[in-house]
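*Asks:* What follows is a single structure, and I will ask about it in a moment.
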Amino acid sequence: MNPFGHVHGLAFDEDTEQLLLATHNGLFDVAADLIEKLGPTIDLMGFAGTGKDLYYASGHPGPGADLPNPMGLIESSDGGKTWQELSRQGESDFHTLTVSEDGVIGFDGTLRKTTDGKEWSEVETQVQPPGP
């Protein structure tokens, strides 16, 4: 049986040497011989790790998870064992997340960025036509 459902993202945590799969059924560490599920069953549509057990995610709560749907931006500071609501609960299902020293960028149909995890602004995008 496939415990993952399907995989939405992956990250390598250099601090813990974990290879993390963000899946339809939660977060898994697949680096060791025995696959370990970390935390609750939640559909992690968007996922980004910053190392030092700090992860950001978005998606939908699973059975028994006490989170809104959609989850908006959530954060785990304990390696994915527990998740805290940060912002946009009930509003955003970020299918893509990335983190840099400048903050978090997410896509929920609109490209958005936040420096503090709470207040978001839209990212202006301009498509440059292909060259000659």
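*Asks:* Please pick out the residue among Leu10, Leu20 that is of a type in the set (A, V, I, L, M) and within 21 Å of Leu111 (Cα to Cα).
*Replies:* Leu10
*Asks:* Picking from Thr82, Thr96, Thr115, which residue would you name as being open to solvent by 40 Å² or more (accessible area, probe 1.4 Å) and within 11 Å of the chain's Cα centre (by Cα)?
*Replies:* Thr96
*Asks:* If you don't mind, there's one more thing I want to ask. Suppose the filter is charged (D, E, K, R), open to solvent by 20 Å² or more (accessible area, probe 1.4 Å) and modelled with pLDDT of 90 or more; does Glu75 pass it?
*Replies:* Considered against the rule, which asks whether it is charged (D, E, K, R), open to solvent by 20 Å² or more (accessible area, probe 1.4 Å) and modelled with pLDDT of 90 or more, Glu75 comes out as yes.
*Asks:* If you take the residues in the range 13-40 that are in a loop (DSSP other than H, G, I, E, B) and among the polar types (S, T, N, Q), which one is surrounded by the most Cβ atoms within 10 Å (Cβ to Cβ)?
*Replies:* Asn25
*Asks:* Ok, one more. Taking the condition modelled with pLDDT under 95, acidic (Asp, Glu) and either touching a strand residue (DSSP E or B) at 6+ places or on another chain (Cβ under 7 Å) or surrounded by fewer than 18 Cβ atoms within 10 Å (Cβ to Cβ) (or both), does Glu91 pass?
*Replies:* It is false that Glu91 is modelled with pLDDT under 95, acidic (Asp, Glu) and either touching a strand residue (DSSP E or B) at 6+ places or on another chain (Cβ under 7 Å) or surrounded by fewer than 18 Cβ atoms within 10 Å (Cβ to Cβ) (or both).
*Asks:* If you take the residues of the range 51-65 that are at pLDDT 85 or above and under 13 Å from Gly80 (Cα atoms), which of them is surrounded by the most Cβ atoms within 10 Å (Cβ to Cβ)?
*Replies:* Here the residue is Ser58.
*Asks:* Every residue in the range 47-92 that is in a strand (DSSP E or B), touching a Gly at 6+ places or on another chain (Cβ under 6 Å) and not aliphatic (A, V, I, L, M), please.
*Replies:* Of everything in the range 47-92, those that are in a strand (DSSP E or B), touching a Gly at 6+ places or on another chain (Cβ under 6 Å) and not aliphatic (A, V, I, L, M) turn out to be Phe47, Tyr55, Ser58, Ser87.
*Asks:* Can you name every residue in the range 15-30 that is more than 9 Å from Leu44 (Cα to Cα) and either at pLDDT 85 or above or touching a Leu at 6+ places or on another chain (Cβ under 6 Å) (or both)?
*Replies:* Glu17, Gln18, Leu19, Leu20, Leu21, Phe28, Asp29, Val30 - these are the residues of the range 15-30 that are more than 9 Å from Leu44 (Cα to Cα) and either at pLDDT 85 or above or touching a Leu at 6+ places or on another chain (Cβ under 6 Å) (or both).
*Asks:* Which residue out of Phe12, Phe47, Phe4 is among the aromatic types (Phe, Trp, Tyr) and at pLDDT 95 or above?
*Replies:* From the options Phe12, Phe47, Phe4, the qualifying one is Phe47.
The values are calculated or read from the model by the stated rules, or taken from the named source; none is laboratory data. Everything quoted here is computed from the prediction, not taken from an experiment. Note that each Cβ is placed from the backbone with ideal geometry, even for glycine, and that neighbours are counted across all protein chains shown. Heads up: the accessible areas ignore ligands, DNA and RNA and are worked out on the full protein's heavy atoms, side chains in. Shrake-Rupley method; radii C 1.70, N 1.55, O 1.52, S 1.80 Å.
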